[in-house]
1. Go through segment A:45-54 and give me each residue that's among the aliphatic types (A, V, I, L, M) and in contact with a His (Cβ under 9 Å, 6 or more places away or on another chain).
2. Is there any pair linking a residue in segment A:92-113 that is within 12 Å of B:L14 (Cα to Cα) to one that is among the polar types (S, T, N, Q) and surrounded by fewer than 14 Cβ atoms within 10 Å (Cβ to Cβ), with Cβ under 6 Å and at least six apart or on different chains, and which?
3. Which residues, counting only those in segment B:25-52, are part of a helix (DSSP H, G or I), touching a residue at least 24 places away in the same chain (Cβ under 8 Å) and facing chain A (nearest Cβ under 7 Å)?
4. With respect to A:V108, determine if the residue is facing chain B (nearest Cβ under 7 Å), more than 29 Å from A:V21 (Cα to Cα) and at pLDDT 75 or above.
5. For segment A:1-43, give me each residue that is polar (S, T, N, Q) and under 24 Å from B:S56 (Cα atoms).
6. Consider A:F68 carefully, then state whether it is at pLDDT 90 or above, assigned by TED's automatic domain parsing to the domain that holds A:G38 and on the phi < 0 side of the Ramachandran plot.
7. Taking segment B:90-106 on its own, how many of its residues are surrounded by 12 or more Cβ atoms within 10 Å (Cβ to Cβ) and assigned to a loop (DSSP other than H, G, I, E, B)?
8. Which of the helices (runs of 4 or more DSSP H) found entirely inside segment A:1-120 contain at least 3 residues meeting this: more than 17 Å from the chain's Cα centre (by Cα)?
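The values are calculated or read from the model by the stated rules, or taken from the named source; none is laboratory data. Computed from a prediction, not measured in an experiment: that's the story for all the values here. Counting neighbours? That spans all protein chains shown, and the Cβs are built from the backbone with ideal geometry, glycine included.
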Amino acid sequence: MDAILFLIFAAFAVACAVNLVLQKHPISSALSLVGVMGSLAVLYLLLGGEFIAMAQLIVYAGAIMVLFIFVIMLLNAGSETRAKRHLWASYAGIPMIAAMIAIAAYIVQHALPPTEEVRFGAFQHGNAYDIGEKLFKVYVLPFEVTSILVLVAILGAIVLARKEVS
Amino acid sequence: MPALPQGAPLSWYLILSGILFALGVAGFLFRRNIITVFMSIELMLNAVNLSFIAFSYKLGQNDGHIFSFFVMVVAAAEAAVGLAIILTVFKNRQTLEIDEVSSLKN
C-alpha cells in the first residue's frame, strides 16, 4: 500500500517537474511547481514528517508560489520565445540528463547497502512537539540568526522594489 | 516481475530526489525566462529537502526536518529578494529574457 502511494505521487511529481521544464508560459510552470510541492508533501507524510509536510504546503505551495504568481501577473509575462540552441545541445542534452539520472540511480541502488522499506508510522519524531523541542533546545542560535536573515531580506526587497523618488 | 514490496525502499526516495534535482538543473540551463529559471531553483531546493527527510527517516532523528525547515525559510527570503530584483530589472529594461540582460558581460 505504501509502495503504491509512493509510486503514484512520485510519478505525479516527476510528470509535473517535466511539465515545468517544457511549458512555455510561466503560469503553467508555476502551477506545475505547485503540483510538485503538493505531491512532495504527501511523500513527507509517508516518511513521518507531519510538521514539515504541513510547512511545505503552507510556506512553499502557499506563500512562495503566491509570490511567484503575483509577480508573473504584475509583469504580465508572456510565453517565451524559443532560443536557437547549438545543434549538439538540442540532441545530446536529454540523453545526457537521462545518463546522469541512470548513473545516480545505479550508484544509490548498488553501491550503497540495501535499504529497508519505508513504513508509514515507523518514524515518530516528526510531529510539532518533537520538532519544536529540537528547534528551541539544540538549534536555537541558528533559529534566531534566521530571524535576522528574514528581516534583512524584507528590508532588501522593499529597498529594491520601491519607486525611485528623485 | 517481482512482487511489489510492502513499503517503498528508502533508495527509491533518493532516486526520486535525484530525478527532480536533474530536472531542476535542466530547467535552469534550458529556460530563458528569468522567472522560470527561478522556479527551477526552487525545484532543486525541494529535491534536496526530500533527501534530507529520507535520511532523517533512516537515522531515526529529526535533525533533517530542522534542516529542511531552515531551507524553506532561506527559500522564502531568497524568493522575496529575487522577485524584487526581477521587478527592478523589468522596470529598467522591459524584458524578462536572461540573454538580454548582459551589460556586465563586456
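1. Step one: list which residues in segment A:45-54 are among the aliphatic types (A, V, I, L, M), which gives A:45-47, A:52-54.
Across segment A:45-54, the qualifying residue is only A:I52.
2. From segment A:92-113, no pairs qualify.
3. Of everything in segment B:25-52, those that are part of a helix (DSSP H, G or I), touching a residue at least 24 places away in the same chain (Cβ under 8 Å) and facing chain A (nearest Cβ under 7 Å) turn out to be B:I35, B:E42, B:N46, B:L50.
4. Numbers: facing chain B (nearest Cβ under 7 Å): yes; more than 29 Å from A:V21 (Cα to Cα): no; at pLDDT 75 or above: yes.
Here the answer is no, as A:V108 does not meet what is asked.
5. Filtering segment A:1-43 down to residues polar (S, T, N, Q) leaves A:19, A:23, A:28-29, A:32, A:39.
Listed by number, the list holds a single entry, A:S39.
6. Numbers: at pLDDT 90 or above: yes; assigned by TED's automatic domain parsing to the domain that holds A:G38: yes; on the phi < 0 side of the Ramachandran plot: yes.
Here the answer is yes, as A:F68 does meet what is asked.
7. Within segment B:90-106, residues that are surrounded by 12 or more Cβ atoms within 10 Å (Cβ to Cβ) and assigned to a loop (DSSP other than H, G, I, E, B) number 3.
8. Values: elements: A:2-22, A:26-46, A:50-55, A:65-75, A:87-106.
Counting at least 3 such residues, we get A:2-22, A:65-75, A:87-106.
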